[in-house]
Amino acid sequence: MTLSVGDRAPEFSLPDQDKQVVSLAELRGTPVLLVFYPFAFSGICTGELCQLRDELTAYTDAGVKVLAISTDPVFSLKAFKAQEGFDFPLLSDFWPHGEAAKAYGVFNDKAGMAVRGTFLVDAEGAIAFAEVNGPGDARQQSGWKDAVAKLAA
């Protein structure tokens, strides 16, 4: 079951690319954009996250913390971040495998990966925007920016 606008965002604590644990609960009081993606280094995912990197100020200037989440191990995420120069944390939902993705309804059991799910969590911990894209379907980030603008208004 995918989450909807108004639902409480499931809590999680996941290691980033440097093995530092990031907890959604610790970010309460700050809006957070959660960007679930299938795999580091894959074509569509790299393109989406590079666009996010290039347009990051659209989110950070509005006070939004951006977190990208995949089921890749931290070692892959560290290499991916270094190669692409991402300025936001890459979180590993590797073990227990896909638990955060499952909580958000964006885990593909057959493939063992997160699908493209995007959630804007408001400062109080409620879902303010939710979008899930099918396999191979690249996301349009204009919807994310519109949701951030509404949250800031």
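The values are calculated or read from the model by the stated rules, or taken from the named source; none is laboratory data. The shown structure was predicted, so the numbers you read here are calculated from the model rather than taken from an experiment. A quick note on method: Cβ atoms are made from the backbone with ideal geometry, for glycine too, and the neighbour counts reach across all protein chains shown.
Examine segment 35-46 for a residue that is within 15 Å of Val22 (Cβ to Cβ) and touching a residue at least 24 places away in the same chain (Cβ under 8 Å), and state whether such a residue exists. Yes: segment 35-46 contains one or more residues that are within 15 Å of Val22 (Cβ to Cβ) and touching a residue at least 24 places away in the same chain (Cβ under 8 Å). Scanning segment 97-153 for residues that are among the aromatic types (Phe, Trp, Tyr), more than 22 Å from Val21 (Cα to Cα) and in a strand (DSSP E or B) yields a single hit, Phe129.
Taking segment 53-77, which residues are of a type in the set (S, T, N, Q) and in contact (Cβ under 8 Å) with a residue 24 or more places away in the chain?
Within segment 53-77, the subset of a type in the set (S, T, N, Q) is 57, 60, 70-71, 76.
The answer is Ser70, Thr71, Ser76.
A search for C-beta distances below 7 Å between a residue of segment 125-153 that is closer than 26 Å to Glu11 by Cβ and any residue that is loosely packed, with under 11 Cβ neighbours inside 10 Å, counting only pairs 6+ apart in sequence or on different chains, returns Ala126/Gly6; Ile127/Ser4; Ile127/Gly6; Ala130/Ser4. The C-beta contact set for segment 86-105 (first residue free of Cβ contacts under 8 Å to residues at least 60 places away in the same chain and more than 15 Å from Leu49 (Cα to Cα), second residue surrounded by 23 or more Cβ atoms within 10 Å (Cβ to Cβ) and among the polar types (S, T, N, Q), distance under 7 angstrom, 6+ apart or interchain) comprises Phe94/Thr71; His97/Thr71; Gly98/Thr71. Screening Cys50 on (1) in contact (Cβ under 8 Å) with a residue 40 or more places away in the chain; (2) exposed (fewer than 15 other Cβ atoms within 10 Å of the Cβ); (3) not hydroxyl-bearing (Ser, Thr, Tyr) shows it passes everything except condition (1). Here segment 93-103 is the region considered, the condition is being within 29 Å of Ala62 (Cβ to Cβ) and in contact with a Ser or Thr (Cβ under 7 Å, 6 or more places away or on another chain), and the residue that is surrounded by the most Cβ atoms within 10 Å (Cβ to Cβ) is Asp93. Candidates in segment 66-92 are the residues that are in a loop (DSSP other than H, G, I, E, B) and out of contact with any Leu (no Cβ under 7 Å at 6 or more places or on another chain); of these, the one that is surrounded by the fewest Cβ atoms within 10 Å (Cβ to Cβ) is Gly85. Restricting Arg53, Arg139 to residues that are under 16 Å from the mean Cα position of the chain (by Cα) and modelled with pLDDT of 95 or more narrows the list to Arg53. Within segment 4-30, the set of residues being assigned to a loop (DSSP other than H, G, I, E, B) and under 16 Å from Ile69 (Cα atoms) comprises Ala9, Pro10, Glu11, Phe12, Gln17, Asp18, Lys19, Gln20, Leu24.
Look at (1) in contact with an Asp or Glu (Cβ under 8 Å, 6 or more places away or on another chain); (2) assigned to a loop (DSSP other than H, G, I, E, B) and you find that Val35 fails only one, number (2).
Of all residues in segment 53-65, which are part of a helix (DSSP H, G or I) and either among the small types (Gly, Ala, Ser) or surrounded by fewer than 17 Cβ atoms within 10 Å (Cβ to Cβ) (or both)? Of everything in segment 53-65, those that are part of a helix (DSSP H, G or I) and either among the small types (Gly, Ala, Ser) or surrounded by fewer than 17 Cβ atoms within 10 Å (Cβ to Cβ) (or both) turn out to be Arg53, Asp54, Thr57, Ala58, Thr60.
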